[in-house]
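Each remark here refers to the structure printed beneath this line.
The values are calculated or read from the model by the stated rules, or taken from the named source; none is laboratory data. Computed from a predicted model, the values in this text were never measured in an experiment. Every residue, glycine among them, receives a Cβ derived from its backbone with ideal geometry; neighbour counts consider all protein chains shown. We work out accessible area using only protein heavy atoms, side chains counted, and drop any ligands, DNA or RNA first. Shrake-Rupley method; radii C 1.70, N 1.55, O 1.52, S 1.80 Å.
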Amino acid sequence: MKHTHIDTSLIIESMIEPQSRVLDLGCGDGSLLSSLIARKRVEGTGVEISHDMVASCLAKGLCVFQADIDKGLSHWEDATFDYVILKSTLEVIHRPYELILEMLRVGRHALVTVSNFGYLANRIHTLLTGRMTPRIRAFSPWYETSVIRYVCMDEFFEALRRSGVRISEARYVTPFGSVSRKKPLFANLFVVEAVFLLTRTP
Amino acid sequence: MNPQGPVKTQILKVPRPFRLESGDTLEGLTIAYEAYGELSPSGDNAVLIEHALSGDAHAAFYHEGARKPGWWDPMIGPGKAFDTNRYFVVCSNVIGGCSGTTGPSSLNPATGRPYGLTFPPVTIRDMVEVQRLLLAHLGVKRLRCVAGGSMGGMQTMQLFADYPFFADSFVCIASTMRHSAQQIAFNEVGRRAIMADPRWNGGNYYGDVPPEGGLSVARMIGHITYLSERMMQEKFGRARKGKDHTVVFRPSFEVEHYLDYQGVSFVRRFDANSYLYITSAIDNFDLVSSISQVGRFRGEGRARGTARDAMKAKKGLVVAFTSDWLYPPSQSREIARFFSGLGVAVSYAEIATDHGHDAFLTDTEAQSRLVGNFLASLPA
């Protein structure tokens, strides 16, 4: 079962208010931030652990902070940002639970992408080959991948329910590249990836 | 114009008396400086380079007959990070120094004798104000960037915070907004070593043998703090020099010879009183309290709001080195946080190196990439 690859960057972009203050955690070479600045005129800051990536961000004229987000976001004060983005990064975080709470401390909203390990194609791949789906490990072998978390949709919902964090908006990427705002039936089986706008429950 | 042949340190004589932060006035202030590249007709393509404790105006290129270039030569020149094809790069010796700009070893015009300890105390802000005089004289209307490492970073921050309308950006490397107790302590031991040398004679040694012993010990202590433990171990270990180690208390370990060499070569080019004045300026530096002083007589845009608006359009780059324990990364992160709080778009990068604090002079390739990328992306 092949699915059309959907770039969650565009989904994230559509969920962000223009001219807002954005912190992008694990911003990589800064391409998401650059397009948010260009198209949404946001005031953006990136956080990145890799020195080479930091250098690339600087070349793009971005404001970037070299740090390990697993060590917390203590550098930033409460409510500094409107959105704190965690795109394709949740899976490499050692303390994801604490991080999401930290994101909601420094920002009004958190935008988190979750790649669904429970997705049908992943299950079939694992069932038939007895091996992990390459996409889940970001296409790196087990001994090289930085991915340490394999998250299923349902498990993610459960964790949020316990944490006092509310999903105020969601975009579900389903097979063949469609994106829905409503949670599909059997989401744990049919969602490839999802983007959540999280807010702290008042 | 880029220098075709050797460069020369220039001297500017300031015709007016110069008032220091202490309230004292200096007559006949001279400023030693070098400038590379060409100033644009509108005077807005200048980059000011700030030197560290033992640096001088000779930042790049070669002096006549010299074997070594200026102290930051790999960073400054045509096509380099501070590209002299694009920028007019200026570097001057600090006030209180001993490499051409007026300091305690200069002649006091009132007495015809060297100032010695009658030289007024200097501050990091005084250093910056002297540079402002120089830049005005050179016709610089605006700085594209002000940059420096260590004490140079302190001047960088002071200038940027005092004159938010004057500089578009700053690059602050391996520095701090204020010295910790440990940093003050190391400097104090250096100063005591100088003052304990009988040749120091209350700062009155000009025309006689200077307190070479004391100054070289001060430099040796400094040098230990500039290197990382690991680098020292790798470079020297317990290796010894020479065969005869029977003479007691003569340097025999490699590391002893190295420090001895550093000390001896330093006394040849540095004035002991300058060391006292400049290290004191460094210890007394406290950026946050200095810019919140009431009744300051210098600086611009202090009125709340205007300075903040100016800061909004500015960019900063703060760089630290992983093995720098003299100015550790935590202090650089504090700098980034402070200027972010003022509204500046500040980036922070950490260079992984074993070279300790000295990395700002040695790891120029990594710094070039960061600074080059940063400057190239500045809006016009």
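Cβ-Cβ contacts under 6 Å between residues 6 or more apart (or on different chains), taken from a first residue in the stretch A:16-30 that is open to solvent by less than 10 Å² (accessible area, probe 1.4 Å) to a second residue that is of a type in the set (S, T, N, Q) and in a strand (DSSP E or B), are listed as A:Leu23/A:Thr45. There is at least one residue in the stretch A:6-23 that is under 19 Å from B:Val344 (Cα atoms) and in contact with a helix residue (DSSP H, G or I) (Cβ under 7 Å, 6 or more places away or on another chain). Flag: A:Phe156 matches the condition of being among the aromatic types (Phe, Trp, Tyr) and closer than 20 Å to A:Tyr97 by Cβ.
Please go through the stretch A:137-157 and pick out each residue that is open to solvent by 90 Å² or more (accessible area, probe 1.4 Å) and under 17 Å from A:Val191 (Cα atoms). Across the stretch A:137-157, the qualifying residue is only A:Glu155. In the stretch B:317-343, the residue that is surrounded by the fewest Cβ atoms within 10 Å (Cβ to Cβ) out of those that are at the interface with chain A (Cβ under 9 Å from one of its Cβ atoms) and farther than 22 Å from B:Trp71 by Cα is B:Gly341. The sole residue among A:Glu77, A:Glu98 that is over 14 Å from the mean Cα position of the chain (by Cα), farther than 21 Å from B:Ala336 by Cα and either crowded, with 20+ Cβ neighbours inside 10 Å or among the acidic types (Asp, Glu) (or both) is A:Glu98.
Every residue, every condition in (1) in contact with a Phe, Trp or Tyr (Cβ under 6 Å, 6 or more places away or on another chain); (2) surrounded by fewer than 21 Cβ atoms within 10 Å (Cβ to Cβ), yes or no:
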{"residue": "B:Ile124", "(1), (2)": "yes, no"}
{"residue": "B:Val128", "(1), (2)": "no, no"}
{"residue": "B:Leu133", "(1), (2)": "no, yes"}
{"residue": "B:Asp162", "(1), (2)": "no, no"}
{"residue": "B:Phe165", "(1), (2)": "no, yes"}
{"residue": "B:Ile184", "(1), (2)": "no, yes"}
{"residue": "B:Asn187", "(1), (2)": "no, no"}
{"residue": "B:Met195", "(1), (2)": "no, yes"}
{"residue": "B:Asn201", "(1), (2)": "no, yes"}
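Look at (1) at pLDDT 90 or above; (2) touching a helix residue (DSSP H, G or I) at 6+ places or on another chain (Cβ under 8 Å); (3) part of a loop (DSSP other than H, G, I, E, B); (4) not charged (D, E, K, R) and you find that A:Pro141 fails only one, number (2). Selection within the stretch B:353-371: residues that are more than 13 Å from A:His51 (Cβ to Cβ) and in contact with a strand residue (DSSP E or B) (Cβ under 6 Å, 6 or more places away or on another chain). The member of this set that is farthest from the other protein chains (Cβ to nearest Cβ) is B:Phe360. No other residue among B:Ser92, B:Ser105 is touching a strand residue (DSSP E or B) at 6+ places or on another chain (Cβ under 9 Å), among the polar types (S, T, N, Q) and over 12 Å from B:Leu48 (Cα atoms) apart from B:Ser105. Please enumerate the residues belonging to the stretch B:78-117 that are of a type in the set (S, T, N, Q), touching a residue at least 12 places away in the same chain (Cβ under 8 Å) and outside any loop (DSSP other than H, G, I, E, B). Hit for the stretch B:78-117 is B:Ser92, nothing else. Counting the residues of the stretch B:12-30 that are closer than 17 Å to B:Asn108 by Cβ, part of a strand (DSSP E or B) and open to solvent by less than 60 Å² (accessible area, probe 1.4 Å) gives 3.
Every listed requirement among (1) within 14 Å of chain B (Cβ to nearest Cβ); (2) crowded, with 16+ Cβ neighbours inside 10 Å; (3) farther than 25 Å from B:Val319 by Cβ; (4) not charged (D, E, K, R) is met by A:Ala38 save one, (2).
Kindly establish whether B:Phe249 is surrounded by 15 or more Cβ atoms within 10 Å (Cβ to Cβ) and either more than 24 Å from B:Ser180 (Cβ to Cβ) or not hydroxyl-bearing (Ser, Thr, Tyr) (or both). It is false that B:Phe249 is surrounded by 15 or more Cβ atoms within 10 Å (Cβ to Cβ) and either more than 24 Å from B:Ser180 (Cβ to Cβ) or not hydroxyl-bearing (Ser, Thr, Tyr) (or both).
Residues checked against (1) modelled with pLDDT under 95; (2) closer than 24 Å to B:Gly43 by Cα; (3) assigned by TED's automatic domain parsing to the domain that holds B:Lys80:
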position: B:Gly341; (1), (2), (3): yes, no, yes
position: B:Ile351; (1), (2), (3): no, no, yes
position: B:Asp358; (1), (2), (3): no, no, yes
position: B:Glu365; (1), (2), (3): no, no, yes
position: B:Ser368; (1), (2), (3): no, no, yes
position: B:Gly372; (1), (2), (3): no, yes, yes
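Kindly indicate whether B:Gly299 is at pLDDT below 95, under 21 Å from the mean Cα position of the chain (by Cα) and within 22 Å of B:Arg132 (Cα to Cα).
So B:Gly299 fits the description; yes.
Tell me, yes or no, whether the stretch B:99-120 has at least one residue that is open to solvent by 20 Å² or more (accessible area, probe 1.4 Å) and in contact with a Lys or Arg (Cβ under 9 Å, 6 or more places away or on another chain). Yes, that holds for at least one residue. Checked against the criterion of being on the phi < 0 side of the Ramachandran plot, under 21 Å from the mean Cα position of the chain (by Cα) and among the charged types (D, E, K, R), the candidates B:Asp358, B:Asp354 yield just one match: B:Asp358.
The residues of the stretch A:168-202 that are of a type in the set (Val, Ile, Thr) and open to solvent by less than 60 Å² (accessible area, probe 1.4 Å), listed by number, are A:Val173, A:Thr174, A:Val191, A:Val192, A:Val195, A:Thr199. On the stretch given as the stretch A:58-93, residues that are within 9 Å of chain B (Cβ to nearest Cβ) and not hydroxyl-bearing (Ser, Thr, Tyr) total 13. Taken over the stretch A:44-57, the criterion of being more than 7 Å from chain B (Cβ to nearest Cβ), β-branched (Val, Ile, Thr) and crowded, with 21+ Cβ neighbours inside 10 Å is satisfied by A:Thr45, A:Val47.
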